[in-house]
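Below is one structure, written out as C-alpha cells, with a few remarks after it.
Values in this text are rule-based calculations from the coordinates and carry no lab data. Owing to the predicted nature of the structure, the values given are computational and were not obtained by experimental measurement. Please note: Cβ atoms are built from the backbone with ideal geometry, for glycine as well, and neighbour counts cover all protein chains shown.
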C-alpha cells in the first residue's frame, strides 16, 4: 500500500488544530481528574459538597481555634470553651472525656482535655490561655452530651482569662472561620467515600464517628491528621 | 561485622526457603521452569530452529518481542517512582521505592538478560562491550549499553537494602549518598532506552503495518513505558499486600491507598497525552483511512479497549477513591502494553506474509520460565531484605544523628 | 548534588559527543570509487549459470534444483526467479543489494557487517553475535541466518569481495552466458544504463532500480516491465535507511547532557523548598511563642 506524501506539510494545519484542541482539553481533563468538574459535576460529588458545606455547624456566637475548639464570652472575663462540631462528628462518641482540674492554668494551643475513643486517646488543645474555673459535670458523666450539643449543653470548661495575654483576640471569627472550616471540610472530602457521603447526605452521622467509618484501620491517624494534631 | 566464614554461613542459611514449598504458585512455576531449562539446553545444542518458529522473514519472535521489548517497558516503574521521590521530592511514594527499584533491577537482569537466550552467538555479546567492535551508529548498541549501565544504576539505588541485610553500616551510608546521582543517571538512561527500544523498529519501515509504524515510535514507547511501569506497580502492590502482609511496614500499609491513587492519577494524565499523540500520529501519517481495515479494527481494539478504557477507569478511581477501579485499570493497561509491543514486533510485523509467525509452545514455556524465575528471585529478596519491611533500627538511629547535630549547631 | 553521578554523566555525554560520525554512509575513500553490477533483466535467460558459479566461488554446496529456489537462502546466496508479467516471462536474479548506505551496516552493533570501500558489504564472523538486527533492518531481505546451527552465521552475497580486491570480477558476472550482468564502477554503469534506456525506449521501463532507492544500491536493475511486477519493493523511498534512526541517535547526546542537569536542578529546588519550609516553621514557632508572651 503506497502512501506518497508529496507535500511534507500537508497535514500541518490539522495538526495545529489538534494540538490546540488538546491544550484546551488538558485543563478540563485535569479539573475532572481532581474531582473539580467544570463540565458535568458528578451527582455524588455535588451532593457531598452540599452535605459537607454548612453541615458542620459553626455558630457566629463563638470564636474558633484551629485545633477545633471554640470559645465564647461568658461575661466578667470568663469564657466558655468546648469542642467544635467537626471534631465531635469526626471522632464520634467518646467512652470517656478527661477534663483538667479546677484551678489548672491552661495555655492556648497546649493540650487541655482528652477524649478516649475506642481505646485511642486524643489530646486536644485549649483555645485560649487562662485558669479553669468550672467544668461541665454532665459531660464527664455522659460524654454523649458533647456529641448531642457541642456548642450548648456539651460545653467543656469555663476559663477565666486575663485581660491581655489570653489569645482570645486572635481566634477565628466570621469569614475567616468559615474559610478555615471550608479547608477542613476539603481535607475531609479528599478522604470521603461514597457510602459515608450517602449517610451524611441523609442527615445521619456514622455511629462510630466519621473517621472510623472512612477507614477502620488507622482511623486514629486519619482523625489526627484531619484535626491537625501532632 | 561478621568474618568471612560467618558471612558465608549467613548466606547459605538465607538460601533455605521460608514458608511452605507447596503453594499454588510454586506448583505451577517449578515444572515450567524445569521445562524451560530443558528447552534451553536443546536450543543451545541444536540451534534456534529446534525450538522456535523464527524464519528468514521474521527474525525476532516471542523472546525478543515479549521478554525483552515488553518486559523492559514494565520495568519503567522504577525510573518514574525514583524520579517522583528523589527529583520531585514527593515523599508520599517513599515507601514503595525499594520494591519498585528491586523489580526494575530484576526485570532488566532477567528480561534484558533473556536477550542472551535469543542471540545466535551469545558468547560474542562481549564484543560490543569490551570494544572489540563498536557499532556506534546502531540503535541496538545504544540500547545494549544503556541496559548495562541502567542495571548498575538500579543496583546502586537498591544496594542500601543489601547493605542493611548484611549489617554493613558504613557501606550503607556510602551507598545512600550515591542515590540521587544514581536516580538522575537512571532516569536519563531510561528515557533513552525506553525510546530506544522503539527506535529499533525504525529501520523496519515497510515491514511493520503503518498504523503501528511511525517516525515517533520512540516517543510512543517512552510515554507508554511510564504508565506501563506504574500499572505494574499498582497491580503488584495489591498482590504484595496480600502475599507479603507480614513483611510490610506500618508506613507501607497506611499510605497504600494514597500511593495507588496518586499513581493512578499520573497514569490517567499520561494516557490522556498518549492518546492525543496517537491521534496526531494518525493524522500526520495520513493513516486515518486505514482504520476501516481489519488491522485497523485491531488497532482500535488496542487503543480504545486497552488505553482509553483503562484511562477512564483510572480517572474514576481517583475521583471516587476506589482501589478496585484502579486495580482493574492497571490490569487492562498492562494487557494493552503487551498488546502494543507484540503488535509492533510480531503481529504487525510482515503482516502481509501468507505464513505468519506463531510462537512454538517451547518459546512460550521459556518465556514463562524466565518470568517465573524473576518472580522467584524477587520473592527471595523480599523475604529477607528490608524492601517492604522497615529498615533495621540502626538505620533510623543514624538518620536521626545528623538532625541532632544540626540543631546543636543552630 | 552528587559528584559521582554528575561526573559519570559528563563523561558519558562527552564520550558520545566525541564519537566519530554516526551516519554509516559509505563515502568512498579518496581515489576508490565503488563498484556495482548492472542487471539487464531483458537479457536474462534464466539459465542459473550465475547460481552455480556463485556456489563454486564461495564454497557453497552445488545447487540441486535452482529453479525451485526463488529466494536466496543460507546456502544459496543468489536466486533467479521467473515472473509471469504483462510482457511474458521475465527472469530476475536477486541477492543482497550492497546498498551505498546500508541499513544492515548501521544496524550492526558489533560492526560485523562492513561496507567496504570497493562496494561490497561483507560479514565478519569473528564479530557477529547473531542478534539478527540486520535482518530486521534490511528492506531487501539480504542477510540470511543459520537457525539450525549451534554457531549460526549470517549468509549473503558478498559481491566476491576477495576477487574484487585482486582486480577480478564477481563469479556470477564472469559466468553469465547472455551478458545480462555487467560489472564496473557504479557511475559508469549508471551511464551505460541510461544510454540503453535512451537507445531503446520501447524495450525498457524508464527507471533504473537501485539508482536512488534507499539512497542508492550497488546492484542496479533494468527491466522491460514495471518493477512491481518483478517483486521489487517499490515503496522503500530514496532516503538511506540509516537516516531513519539518525535523528533519534543524535538526540542522545542532547538528552544525556540536558536531562541530568535539569533533574539535578529540580531536585535542588524541591529540596531547598523543604529546607526553607522547615526553617520557616521553626522560626514561626519561635516568633509565635514570643508574640503570645507579649500580647
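Data table
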| quantity | calculated |
| --- | --- |
| FRET efficiency, 1/(1 + (r/R0)^6) with R0 56 Å, evaluated for residue C:178 and residue B:126 via beta carbons | 0.70 |
| Helix B:361-382 axis, angle to chain B major axis (alpha carbon atoms, nearest 10°) | 20 |
| Most mobile listed residue (B:209, B:256, B:46) in chain B, GNM with C-alpha springs under 10 Å | B:46 |
| Fewest-first sequence of B:143, B:365 by Cβ atoms within 10 Å of each Cβ | B:365, B:143 |
| Virtual paramagnetic centre 7 Å along Cα→Cβ of residue C:70, amide N under 14 Å, in segment C:87-110 | C:89-94 |
| Quotient of C-alpha Rg and 2.2 N^0.38 Å, computed over segment C:34-239 | 0.98 |
| Extension gain from residue B:309 to residue B:293, taking 0.36 nm per residue of separation minus the Cα-Cα distance | 3.6 nm |
| Top of B:164, B:353, B:236 by mean-square fluctuation, Gaussian network on chain B, Cα under 10 Å | B:353 |
| Within chain B, helix-based [θ] at 222 nm, where runs of 4 or more DSSP H residues each add -39,500 (n - 2.57), nearest 500 | -21000 deg cm²/dmol |
| Gap separating the Cα centres of segment C:208-271 and segment C:48-70, nearest whole Å | 35 |
| Gyration tensor verdict on segment B:132-249 (Cα atoms; rounded if a/c is under 1.5, prolate if a/b is larger than b/c, oblate otherwise) | oblate |
| Sorted by Cβ neighbour density within 10 Å, fewest at the top, the residues A:196, A:145, B:38 | B:38, A:145, A:196 |
| Point-to-point label distance, residue C:258-residue C:200, nm (Cα→Cβ direction, 7 Å offset) | 5.7 |
| Ascending count of other beta-carbon atoms within 10 Å, so fewest first, for B:222, B:25, B:185, A:9 | A:9, B:25, B:222, B:185 |
| GNM top mover of B:268, B:112, B:373 - chain B, alpha-carbon springs below 10 Å | B:373 |
| Simple spin-label estimate for residue C:239 and residue B:12 in nanometres, 7 Å along Cα-Cβ | 6.2 |
| Sites residue A:104 and residue B:324 - FRET efficiency at Förster radius 56 Å, r taken between beta-carbons, to 0.05 | 0.65 |
